[in-house]
Amino acid sequence: MCGIVGAVAKRNIVPVLVNGLLRLEYRGYDSAGLVVVHEGKLERVRSAGRVAELGQKSANTSGEVGIAHTRWATHGKPSERNAHPHMSRELIAVVHNGIIENYEELKAELSAQGYEFTSDTDTEVIAHLIHSHYAQGSLLVATQMALTQLVGAYAIGVIAADNPHLMVAARKGSPLLLGVGEGEHFVGSDMSALLQVTRNVVYLEEGDVVEIKADSFRIFDMAGVRVQRQMHVSELDNDSVELGKYQHYMQKEIHEQPQALANTLESVCNSQSLVPGIFGAEANDIFPHVDNILILACGTSNHAGQVARYWLEEVAGIPCNVEIASEYRYRTSVPNPKTLVVTISQSGETADTLAALNHAKATGHSYTLAICNVPESAIIRQSKLRLLTRAGPEIGVASTKAFTTQLAGLFLLTLVMAKVRGRLDETREQQFLHELRHLPTAMQKVLELEPQIAEIAAHFADKHHALFLGRGMHYPIAAEGALKLKEISYIHAEAYPAGELKHGPLALVDKDMPVVSVAPNDALLEKLKSNLQEVRARGGELFVFADADTHIHSSAGIHILQMPEHAGFLSPILHTAPLQLLAYYVALQKGTDVDKPRNLAKSVTVE
Ligand code: F6R
């Protein structure tokens with residue numbers, strides 16, 4: 001949701017800003033802009049297009065201090081006039097990620113003071129507010145004063161035309177990192193923007209304001225007290241954010257799944273037994289008191305939660321509910337202090353999930369666990385327990401490796417809960433550990449289906465709708481497959497538990513409605529086969545991802561893709577990959593922007 005980069009150095013920082021924005025473009029790509037101080041003036045370049053266009057437009061711009069932004073529109077349509085940076089009277093420039101909730105009120109006050117607004121954004125009020133205080137103090141003090149008037153979430157970068165060696169940045173509710181270089185400093189919405197210049201990073205905390213010069217920086221907390229924050233050395237390498245041999249990040253990330261799974265499971269697979277401590281030291285005390293689980297998440301992460309419900313109830317025998325995070329906080333629920341509230345999030349900054357977590361805490365839930373891909377993210381920091389998925393940076397907007405690693409993490413939770421509740425004997429534990437160790441290899445074999453999947457994608461290119469079917473713990477996988485397809489190919493796709501077809505959706509089936517089915521060899525297979533016959537009898541063309549041992553064979557109108565092996569409880573993880581590949585190759589056929597689908601952005605930090 002919008003990306004920010006800023007730099008103060010003793011060299012021209014425009015290339016750093018543009019490269020940083022290219023890395024952050026996945027967070028929003030409606031428009032982009034940058035501003036530098038050059039010969040005592042603010043020089044701003046903006047583009048209603050992509051960052052590459054901004055790069056061309058700013059080829060002759062230079063400056064030693066500057067801020068830049070790539071936008072996902074919230075207030076005001078995507079256009080050059082609404083693109084950041086926003087300026088106040090040619091003196092103050094601001095970039096902003098987040099939402100200012102009281103901007104209308106502030107706008108009225110500032111207009112009454114004579115400030116003119118040239119955009120439809122909420123951000124412009126920040127620039128004018130800082131300007132209104134600047135005469136009374138430094139850029140730091142003016143920013144601090146302005147921040148006290150804002151209600152909402154922000155990460156901001158601020159520069160002033162008369163201060164060519166200084167930037168002020170702040171964050172509350174939106175992420176911002178300070179990059180520490182040699183004789184130069186940077187800010188960025190995430191590490192990928194900073195890797196080009198440094199690995200040394202300070203994670204700014206809620207309410208922090210930082211005054212940044214080329215040789216030094218000073219951090220102040222929410223109360224204005226100067227504080228020291230720890231510096232970390234990022235473990236990310238540049239390769240993890242480069243495309244390498246792949247055409248798209250989504251394709252790269254689908255192929256990274258064996259390694260991502262291996263990394264997520266590493267500590268567990270290297271040990272001989274499962275212990276609650278993998279979720280944090282306090283898990284030893286908390287887990288025995290837990291009598292049910294509430295999972296809160298959005299989108300793809302919510303699908304992971306839905307699979308986990310099957311696992312947790314069947315293997316661990318613990319009741320589990322899964323709720324859409326954005327709905328949970330707005331209904332009256334009955335809190336139970338023995339509930340373990342599990343939030344699942346790739347980014348750890350999804351506003352709906354974070355708000356749901358805080359709502360759960362406010363209603364009396366103290367047992368909270370985050371399953372998340374970003375260390376130091378808000379969701380991690382605000383939860384008592386945590387499991388980090390180690391998928392590495394996910395840049396394609398459509399979530400892939402984050403999902404399968406979330407599933408792996410949730411399966412670990414299932415096993416640990418089962419053990420704590422006396423439902424996992426030594427033999428079964430060893431058997432599950434063995435299956436988990438094999439998972440990355442099994443995933444690698446599934447990915448070898450890629451050429452066959454690329455071939456069947458052609459059947460979807462001229463279709464407007466598709467149905468996805470699954471049963472039991474594979475129904476959420478069908479839902480995930482449908483989400484991937486609609487998200488990146490813009491084909492309308494819906495998922496149903498296969499048994500539900502005859503209760504309505506079967507009316508939609510004809511030769512123009514491809515039906516994709518996930519068909520593992522489980523207790524529901526025979527029932528699923530009957531459901532598939534119902535589709536075929538109405539002329540629907542079937543694409544079935546069947547387990548190796550299902551004995552379903554291709555025939556007229558039925559395309560069978562045989563999975564390499566049967567994986568029991570882990571089958572949902574493996575059945576995900578072919579559906580991701582299907583969506584990917586259909587999108588290629590349709591020529592859409594796979595990594596940056598229209599209207600979307602990664603990390604949805606607004607409600
Ligand atoms: C779909 C997708 C989204 C996210 C959702 C939650 O491919 O990526 O549905 O899963 O926005 O995001 P996180 O997991 O970051 O909380």
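The values are calculated or read from the model by the stated rules, or taken from the named source; none is laboratory data. As the structure is a computational prediction, the values presented were derived from the model and not from experiment. Neighbour counts are summed over all protein chains in view; Cβ atoms, including those assigned to glycine, are modelled from backbone coordinates with ideal geometry. Please note that ligands, DNA and RNA were not included when accessible areas were found on the heavy atoms of the full protein model with its side chains. Shrake-Rupley method; radii C 1.70, N 1.55, O 1.52, S 1.80 Å.
Quick notes
- Subset of the range 589-607 [within 16 Å of the ligand (Cβ to nearest atom) and either among the charged types (D, E, K, R) or not in a loop (DSSP other than H, G, I, E, B) (or both)]: Asp593, Asp595, Lys596, Arg598, Lys602, Glu607
- Every listed requirement among (1) more than 26 Å from Thr405 (Cβ to Cβ); (2) under 28 Å from the mean Cα position of the chain (by Cα) is met by Ile560 save one, (2).
Listed here are the residues, each with its yes/no results for (1) in the same structural domain as Asn82 (by TED's automatic domain parsing); (2) part of a loop (DSSP other than H, G, I, E, B); (3) free of Cβ contacts under 8 Å to residues at least 24 places away in the same chain.
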position: Ser119; (1), (2), (3): yes, yes, no
position: His133; (1), (2), (3): yes, no, yes
position: Tyr154; (1), (2), (3): yes, no, no
position: Val158; (1), (2), (3): yes, no, no
position: Val187; (1), (2), (3): yes, no, no
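- Which numbered condition Gly183 fails, given (1) part of a strand (DSSP E or B); (2) farther than 20 Å from Gly3 by Cα: (1)
- Flag for Arg81 being touching a Gly at 6+ places or on another chain (Cβ under 9 Å) and basic (Lys, Arg): no
- Yes/no for Val225 being outside the structural domain of Thr350 (by TED's automatic domain parsing) and modelled with pLDDT of 95 or more: yes
- Annotation: of all residues in the range 380-397 being in contact with a Leu (Cβ under 8 Å, 6 or more places away or on another chain) and in contact (Cβ under 8 Å) with a residue 60 or more places away in the chain, the one that is nearest to the ligand (Cβ to nearest atom) is Val397.
- When the range 537-552 is filtered for residues that are closer than 17 Å to Lys463 by Cβ and charged (D, E, K, R), the ones remaining, listed by number, are Arg538, Glu541.
- Within the range 461-512, the set of residues being assigned to a helix (DSSP H, G or I), away from the ligand (no atom under 16 Å from the Cβ) and of a type in the set (Ser, Thr, Tyr) comprises Tyr475 only.
- Residues (open to solvent by 60 Å² or more (accessible area, probe 1.4 Å) and of a type in the set (Lys, Arg)) located in the range 231-269: Lys245
- Selection count where residues are more than 10 Å from the ligand (Cβ to nearest atom), assigned to a helix (DSSP H, G or I) and open to solvent by less than 20 Å² (accessible area, probe 1.4 Å), scope the range 287-308: 4
- Evaluation of Ser517 against (1) of a type in the set (Gly, Ala, Ser); (2) away from the ligand (no atom under 16 Å from the Cβ); (3) at pLDDT 90 or above; (4) outside any strand (DSSP E or B) (one fails), failing number: (4)
- Ala583, sole failed condition from (1) in contact (Cβ under 8 Å) with a residue 40 or more places away in the chain; (2) assigned by TED's automatic domain parsing to the domain that holds Lys463; (3) not in a helix (DSSP H, G or I): (3)
- Residue ID - most open to solvent (accessible area, probe 1.4 Å), chosen from residues in the range 76-124 that are aliphatic (A, V, I, L, M) and more than 23 Å from Thr605 (Cα to Cα): Ala112
- Failed criterion for Glu327 (all others in (1) surrounded by fewer than 16 Cβ atoms within 10 Å (Cβ to Cβ); (2) within 15 Å of the ligand (Cβ to nearest atom); (3) at positive phi hold): (3)
- Any hit, the range 573-588, residues being more than 16 Å from the ligand (Cβ to nearest atom) and open to solvent by 50 Å² or more (accessible area, probe 1.4 Å): yes
- The single residue among Leu166, Leu147, Leu140, Leu129 that is among the aliphatic types (A, V, I, L, M) and closer than 17 Å to Arg89 by Cα turns out to be Leu129.
- Flag for Asp549 being in contact with a Phe, Trp or Tyr (Cβ under 7 Å, 6 or more places away or on another chain), assigned to a loop (DSSP other than H, G, I, E, B) and open to solvent by 10 Å² or more (accessible area, probe 1.4 Å): no
- Hey, Leu483 open to solvent by less than 40 Å² (accessible area, probe 1.4 Å) and closer than 30 Å to Asn599 by Cβ or not: no
- Taking the range 301-338 as the range and being under 24 Å from Val420 (Cα atoms) and polar (S, T, N, Q) as the test, the residues that pass are Gln306, Asn321, Asn336.
- In the range 192-205, the residue that is nearest to Glu242 (Cα to Cα) out of those that are in contact (Cβ under 8 Å) with a residue 40 or more places away in the chain and surrounded by fewer than 21 Cβ atoms within 10 Å (Cβ to Cβ) is Gln196.
The rows are residues; the columns are (1) open to solvent by 10 Å² or more (accessible area, probe 1.4 Å); (2) away from the ligand (no atom under 15 Å from the Cβ).
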{"site": "Ser345", "(1), (2)": "no, no"}
{"site": "Ala356", "(1), (2)": "no, no"}
{"site": "Ala362", "(1), (2)": "yes, yes"}
{"site": "Ile371", "(1), (2)": "no, no"}
{"site": "Ala378", "(1), (2)": "yes, no"}
{"site": "Lys401", "(1), (2)": "no, no"}
{"site": "Leu424", "(1), (2)": "yes, yes"}
{"site": "Gln431", "(1), (2)": "yes, yes"}
{"site": "Leu439", "(1), (2)": "no, yes"}
